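K.L.:
Below is a structure I'd like to ask you about.
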Amino acid sequence: MAAEQPAASVAPQSPSRRETWTQGKRDLLRSRKPTGNPQPLLKAISQLADELIRALWQELGLPRSAALLAVGGYGRAELFPHSDIDLLILLPRDADATTGELIERFVGALWDIGMEIGHSVRTIEHCVAEARADITVQTALLEARRIAGNKALCLRMSAAIKNDLDRVGFMRAKLLEMRQRHLKFEDTPYALEPNVKEGPGGLRDLQVILWIARAAGLGHSFADLARSGVITAQEAGRLQRNERFLKRVRLALHDTANRREDRLVFDLQTQLAQYFGFETDGHRRVSEFLMQAYYWAARAVTQLSKVALQNLELRVLAAPPARPAVVSTEFCIRDGLLDLTGPEVFARRPGAMLDAFLELARHPEAKDFSSSLLSSLESSRKLIDAAFRRDPENRARFMALLQLEDGVTHVFRRLNATGVLGRYLPVFRRIVGQMQHDLFHIYTVDQHILTVLRNVRRFAIPEHAHEYPFCSQLMASFERPWLLYIAALFHDIAKGRGGDHSVLGMADARRFCRDHGLSREDTRLVVFLVEHHLTMSKTAQKMDITDPQVVGEFTRLVRDERRLTALYLLTVADIRGTSPKVWNSWKGKLLEDLYRASLRQLGGKRIDTQTELAARRAEAQRLLRLHTLPEGAEDSLWQRLDVAFFVRNEPADIAWMTRMLLGKEDQPDGVVRVRVAPGGVGLQVMVYVSDQPDLFARTCGFFNEAGFSILDARVHTTRTGHALDTFVVHDESRAEHYRDIISLLEHDLCARLAARTPLAPPVLGRLSRKSRVFPIPPIVDLRPDEKGSIGTLSLTAADRNGLLYTVTYLLSQYRANVRMAKIATLGERVEDTFLIDGPIMSDPKQQIQLEKALLEALA
């Protein structure tokens with residue numbers, strides 16, 4: 001037998017360039033760490049790209065007279081895993097057909113490798129011309145770095161760009177570009193899903209500093225700026241630390257998402273928080289700790305960039321310093337900015353730090369703080385310690401800030417931005433940058449508090465009286481309105497500690513009032529407002545405020561008109577300060593109705609059902625006479641209605657329904673009438689038909705299909721067995737055309753109810769992306785009253801299409817009749833309350849099964 005021949009060896013195939021690029025990045029990213037300097041890794045990715053691009057350039061044999069340059073972030077040798085790779089192909093003259101074909105093959109091959117290429121082909125003359133026309137091109141060319149090709153051509157291009165550069169024009173263009181970019185992101189670093197690269201306080205702000213410095217010949221790094229005296233060494237160190245943090249976050253975003261993703265989107269916040277080592281404390285989500293760290297970094301970048309850019313502007317303009325206008329021995333105004341008369345002011349007298357904010361408010365000709373004052377604040381604020389806070393003079397200064405006639409909002413925003421507010425109020429420092437993932441707050445706790453402070457303050461400013469005339473009217477006669485500013489500062493200050501933040505905040509507010517010399521009466525008012533800042537909202541939106549007993553219970557809590565007015569003003573400001581989507585005119589009407597009803601009772605009106613009933617009937621009759629209805633015309637209809645109808649409806653609504661129903665009480669198909677609701681809050685719909693099973697659910701299903709949200713619903717059954725239900729519905733997209741669709745809505749709803757079609761099984765819509773990432777566990781609570789005949793059903797869940805119909809469908813299945821529904825939508829969170837009766841109220845087992853069915857449906 002012949003010996004077996006050994007198998008011929010096969011040479012291993014070299015990996016393709018695409019594999020080299022993909023695997024090379026993957027290998028490099030394995031070294032990524034949650035701490036330390038990410039710059040070596042970014043440089044290594046850039047070098048990997050250099051090698052592959054250079055090899056391809058040489059392999060394709062592009063002309064030796066041409067050059068290949070990296071521009072943009074790639075030009076800085078700072079390449080994130082999924083960033084674009086920006087290239088400039090520089091030619092000595094316009095490309096001929098052969099060169100153009102080679103360039104096309106070169107760029108196509110780079111795309112085949114898997115690189116996302118942004119490229120341009122230019123001569124030096126083209127570069128200069130386009131740099132003059134486009135500040136973005138000019139900026140990119142300032143950072144150009146040669147990869148391959150003609151070195152002399154690169155040097156000539158670089159020299160031409162620098163020689164043509166107008167330093168002053170470049171700086172002004174970059175500052176304008178920065179302001180426009182900030183406006184695009186609503187001029188705040190506190191976005192829910194901030195853009196780490198482009199957002200205010202992000203990496204782009206840091207790059208603007210270095211671009212202007214490079215153009216001015218002052219250096220290429222923050223260390224260079226410190227050496228040239230533009231910023232201090234301490235400020236350079238803080239800029240570098242925050243830059244590294246932001247780069248680590250952006251690097252982790254690209255790697256985790258496996259795509260170019262520069263936003264801290266909800267979907268990735270938890271993963272990144274865990275990667276960076278954050279842990280939950282049981283009260284806050286782990287993602288909230290990451291976001292707080294990000295917001296602190298973005299705030300620091302915002303303040304430090306303001307200092308650096310002010311100083312750069314002074315260097316670039318090189319204008320002789322203006323003669324300062326002396327304000328006091330410690331402050332002056334120079335070039336429209338409040339400045340210090342000497343660098344040791346704060347060190348010599350720390351209380352001057354608070355005086356700086358007072359002086360800024362008192363001198364509107366000063367637009368802002370100077371960079372030197374900001375730098376001094378930054379280095380001196382550590383002097384705000386326990387002894388500083390105990391000093392009676394400093395306490396008086398802080399109270400003076402609250403009692404300013406003008407500029408309170410701007411002063412407190414600056415106090416927070418500079419970190420002074422958190423130093424003076426350590427409890428406030430804990431909530432700076434603290435996110436609220438509750439589906440209706442769109443601001444961090446500190447920004448929400450300052451927004452509420454702004455809202456309260458606007459009630460006192462005549463120029464804003466048109467926004468909320470009733471609130472402005474009340475505020476005009478409210479003594480010591482600054483007490484409301486204190487309540488606004490403390491109403492959410494205990495968020496994130498666990499427990500009831502209203503109760504915990506009371507202790508903080510009481511301590512502040514005591515330390516700052518408030519009277520016992522004023523202290524009690526502030527503490528009451530902090531403790532009950534949610535009470536009026538809950539009462540108005542979840543309870544039947546047409547019920548005198550409900551109003552009576554609320555009135556006993558507030559006790560007097562001053563506390564009622566204060567709570568009303570704070571409540572309106574608070575709801576408006578959560579999100580533009582949360583406040584609407586319907587909530588405003590509910591709160592105002594509760595305020596006026598409470599005021600009547602506080603004024604000595606008896607809380608008597610018969611008295612209230614007689615008053616409502618009399619007012620409704622007066623309104624009917626105004627519509628020329630003869631006296632007694634309403635009697636036949638009103639005999640069919642019991643006391644509850646008159647107690648639970650306003651006189652204007654009673655009069656309207658009476659006019660719509662007179663002469664039609666026995667119409668076979670019933671009556672459906674629609675009008676624009678009082679105050680323009682939506683459409684008010686009246687349904688009068690022979691009572692039928694599933695009527696409420698069928699009506700809710702109709703509104704769901706028609707695209708309307710239900711704000712309020714009231715159900716009544718007449719003595720003759722007719723259902724008389726009213727709804728307030730709205731659809732923001734059709735608000736301007738309500739009057740045009742009234743007839744169609746009346747016809748379609750009447751036809752649907754006459755058909756009595758079986759209820760269709762409910763279909764819940766998809767949850768929003770935020771609701772999926774930060775889910776709200778549904779809560780269902782059914783509580784019978786003392787007699788056990790009526791139950792209050794409360795539920796909380798994430799909002800989505802079809803939710804209300806799903807609830808009413810299940811209530812129908814369990815033979816629960818809805819007597820009233822209060823629908824409260826807070827952003828993407830719903831908190832609905834139903835008063836129900838029916839056979840289910842005598843069957844505890846059925847009640848438990850209903851709760852379980854609702855939980856399963858909403859989960």
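K.L.:
Hey, among the residues in the range 366-388 that are in contact with a Phe, Trp or Tyr (Cβ under 9 Å, 6 or more places away or on another chain) and in a helix (DSSP H, G or I), which one's nearest to LEU314 (Cα to Cα)?
P.N.:
If we take residues in the range 366-388 being in contact with a Phe, Trp or Tyr (Cβ under 9 Å, 6 or more places away or on another chain) and in a helix (DSSP H, G or I), then LEU373 is nearest to LEU314 (Cα to Cα).
K.L.:
May I pose another question? What's the number of the only condition in (1) hydrophobic (A, V, I, L, M, F, W, C); (2) modelled with pLDDT of 95 or more; (3) over 21 Å from PHE428 (Cβ atoms) that PHE470 fails to meet?
P.N.:
For PHE470, the failing item is (2).
K.L.:
Return the residue satisfying two criteria in turn: it lies in the range 118-171 and is among the hydrophobic types (A, V, I, L, M, F, W, C) and farther than 22 Å from ASP94 by Cβ, and of such residues it is farthest from the chain's Cα centre (by Cα).
P.N.:
My answer is LEU165.
K.L.:
Filter the range 180-215 for residues that are at pLDDT below 95 and among the acidic types (Asp, Glu); which is farthest from HIS441 (Cα to Cα)?
P.N.:
Per the stated criteria, the residue is ASP187.
K.L.:
Also: Residue by residue through the range 230-256, note down the ones that are free of Cβ contacts under 8 Å to residues at least 12 places away in the same chain and of a type in the set (A, V, I, L, M, F, W, C).
P.N.:
Within the range 230-256, ALA233 is the sole residue that qualifies.
K.L.:
Please enumerate the residues belonging to the range 798-830 that are in a strand (DSSP E or B) and either under 17 Å from VAL728 (Cβ atoms) or of a type in the set (A, V, I, L, M) (or both).
P.N.:
ALA798, VAL818, ARG819, MET820, ALA821, LYS822, ILE823, ALA824, THR825, LEU826, VAL830
K.L.:
What are the residues in the range 538-554 that are open to solvent by 50 Å² or more (accessible area, probe 1.4 Å), touching a residue at least 24 places away in the same chain (Cβ under 8 Å) and farther than 16 Å from PHE834 by Cβ, if any?
P.N.:
Result: GLN549, single match.
K.L.:
For the range 49-61, check the following and say yes or no: at least one residue is surrounded by fewer than 17 Cβ atoms within 10 Å (Cβ to Cβ) and not in a helix (DSSP H, G or I). Spell out the reasoning first.
P.N.:
So the first thing to find is which residues in the range 49-61 are surrounded by fewer than 17 Cβ atoms within 10 Å (Cβ to Cβ), and the list is 51, 54-55, 58-61.
Narrowing the set further to residues that are not in a helix (DSSP H, G or I) leaves 60-61.
Checked the range 49-61: at least one residue is surrounded by fewer than 17 Cβ atoms within 10 Å (Cβ to Cβ) and not in a helix (DSSP H, G or I).
K.L.:
Among the residues of the range 365-387, write down those that are surrounded by 18 or more Cβ atoms within 10 Å (Cβ to Cβ), touching a residue at least 60 places away in the same chain (Cβ under 8 Å) and among the small types (Gly, Ala, Ser).
P.N.:
Listed by number, the residues that qualify are SER370, SER371, SER375.
K.L.:
In addition: I'm trying to understand the selection: among the residues of the range 389-400, which are part of a helix (DSSP H, G or I) and either touching a residue at least 60 places away in the same chain (Cβ under 8 Å) or surrounded by fewer than 18 Cβ atoms within 10 Å (Cβ to Cβ) (or both)?
P.N.:
Correct list: ARG389, ARG390, PRO392, GLU393, ARG395, ALA396, PHE398, MET399, ALA400.
K.L.:
Right, something else. Somewhere in the range 652-670, is a residue open to solvent by 60 Å² or more (accessible area, probe 1.4 Å), modelled with pLDDT of 95 or more and farther than 21 Å from VAL550 by Cα?
P.N.:
yes
K.L.:
So ASP205 fits all but one of (1) among the acidic types (Asp, Glu); (2) in contact with a Ser or Thr (Cβ under 7 Å, 6 or more places away or on another chain); (3) surrounded by fewer than 16 Cβ atoms within 10 Å (Cβ to Cβ); what number is the exception?
P.N.:
(3)
K.L.:
Something else about it: Given the conditions (1) open to solvent by 40 Å² or more (accessible area, probe 1.4 Å); (2) modelled with pLDDT of 90 or more; (3) farther than 22 Å from MET820 by Cα, which single one is not true for LYS605?
P.N.:
(2)
K.L.:
A further question follows. I'm trying to understand the selection: among the residues of the range 452-507, which are more than 20 Å from GLU592 (Cα to Cα), open to solvent by 20 Å² or more (accessible area, probe 1.4 Å) and of a type in the set (Ser, Thr, Tyr)?
P.N.:
None; the set is empty.
K.L.:
Here's a follow-up. For PRO350, are the conditions met, namely being out of contact with any Leu (no Cβ under 7 Å at 6 or more places or on another chain) and at negative phi?
P.N.:
It is false that PRO350 is out of contact with any Leu (no Cβ under 7 Å at 6 or more places or on another chain) and at negative phi.
K.L.:
On to the next question. Can you name every residue in the range 792-816 that is surrounded by fewer than 22 Cβ atoms within 10 Å (Cβ to Cβ) and closer than 23 Å to ILE545 by Cα?
P.N.:
Passing the criteria: THR792, SER794, LEU795, THR796.
K.L.:
Kindly list the number of the only condition in (1) surrounded by fewer than 22 Cβ atoms within 10 Å (Cβ to Cβ); (2) aliphatic (A, V, I, L, M); (3) modelled with pLDDT of 95 or more; (4) within 23 Å of VAL432 (Cβ to Cβ) that fails for VAL249.
P.N.:
Of (1) surrounded by fewer than 22 Cβ atoms within 10 Å (Cβ to Cβ); (2) aliphatic (A, V, I, L, M); (3) modelled with pLDDT of 95 or more; (4) within 23 Å of VAL432 (Cβ to Cβ), only one is false for VAL249: (1).
K.L.:
I'd like to check which helices (runs of 4 or more DSSP H) are fully inside the range 265-364 and have at least 3 residues that are over 25 Å from PHE170 (Cβ atoms) and open to solvent by 20 Å² or more (accessible area, probe 1.4 Å).
P.N.:
Hits in the range 265-364: 266-275, 286-317, 352-362.
K.L.:
Right, another one. State yes or no: is ARG752 open to solvent by 60 Å² or more (accessible area, probe 1.4 Å), touching a helix residue (DSSP H, G or I) at 6+ places or on another chain (Cβ under 7 Å) and modelled with pLDDT under 90?
P.N.:
Spelling it out, it is not the case that ARG752 is open to solvent by 60 Å² or more (accessible area, probe 1.4 Å), touching a helix residue (DSSP H, G or I) at 6+ places or on another chain (Cβ under 7 Å) and modelled with pLDDT under 90.
K.L.:
Same structure, new question: Take the range 626-651 and flag every residue that is charged (D, E, K, R), in a helix (DSSP H, G or I) and surrounded by 13 or more Cβ atoms within 10 Å (Cβ to Cβ).
P.N.:
Once the filter is applied, which keeps residues that are charged (D, E, K, R), in a helix (DSSP H, G or I) and surrounded by 13 or more Cβ atoms within 10 Å (Cβ to Cβ), the range 626-651 yields only ARG648.
K.L.:
Shifting gears a bit: Return only the number of the condition from (1) under 24 Å from the mean Cα position of the chain (by Cα); (2) touching a residue at least 24 places away in the same chain (Cβ under 8 Å); (3) within 20 Å of THR136 (Cα to Cα) that GLU261 does not satisfy.
P.N.:
Here GLU261 meets the rest and fails (3).
K.L.:
Just checking: which of the strands (runs of 3 or more DSSP E) contained wholly in the range 701-788 hold 2 or more residues that are more than 26 Å from LEU641 (Cα to Cα)?
P.N.:
In the range 701-788, 779-784 are the strands (runs of 3 or more DSSP E) which contain 2 or more residues that are more than 26 Å from LEU641 (Cα to Cα).
Okay, residues lined up against (1) within 31 Å of the chain's Cα centre (by Cα); (2) among the aromatic types (Phe, Trp, Tyr):
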{"site": "LYS306", "(1), (2)": "yes, no"}
{"site": "ARG323", "(1), (2)": "no, no"}
{"site": "VAL326", "(1), (2)": "no, no"}
{"site": "PHE331", "(1), (2)": "no, yes"}
{"site": "LEU338", "(1), (2)": "no, no"}
{"site": "ALA361", "(1), (2)": "yes, no"}
{"site": "ASP368", "(1), (2)": "yes, no"}
{"site": "ASP385", "(1), (2)": "no, no"}
{"site": "ASN394", "(1), (2)": "no, no"}
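The rows are residues; the columns are (1) open to solvent by 50 Å² or more (accessible area, probe 1.4 Å); (2) within 32 Å of the chain's Cα centre (by Cα).
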site	(1), (2)
SER733	yes, yes
SER743	yes, no
HIS747	yes, no
LEU759	no, no
GLY765	no, yes
SER768	no, yes
VAL773	no, yes
PRO784	yes, no
ILE790	no, no
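K.L.:
Could you count how many residues in the range 500-529 are of a type in the set (Asp, Glu), without any contact (Cβ under 8 Å) to a residue 60 or more places away in the chain and assigned to a helix (DSSP H, G or I)?
P.N.:
Matching residues across the range 500-529 total 2.
The values are calculated or read from the model by the stated rules, or taken from the named source; none is laboratory data. For clarity, every value in this text was computed on a predicted model and none was experimentally measured. No Cβ is skipped: glycine too gets one built from the backbone with ideal geometry, and neighbour counts run over all protein chains shown. Just so you know, the surface numbers come from the protein's heavy atoms only, side chains and all, with ligands and any DNA or RNA stripped out. Shrake-Rupley method; radii C 1.70, N 1.55, O 1.52, S 1.80 Å.
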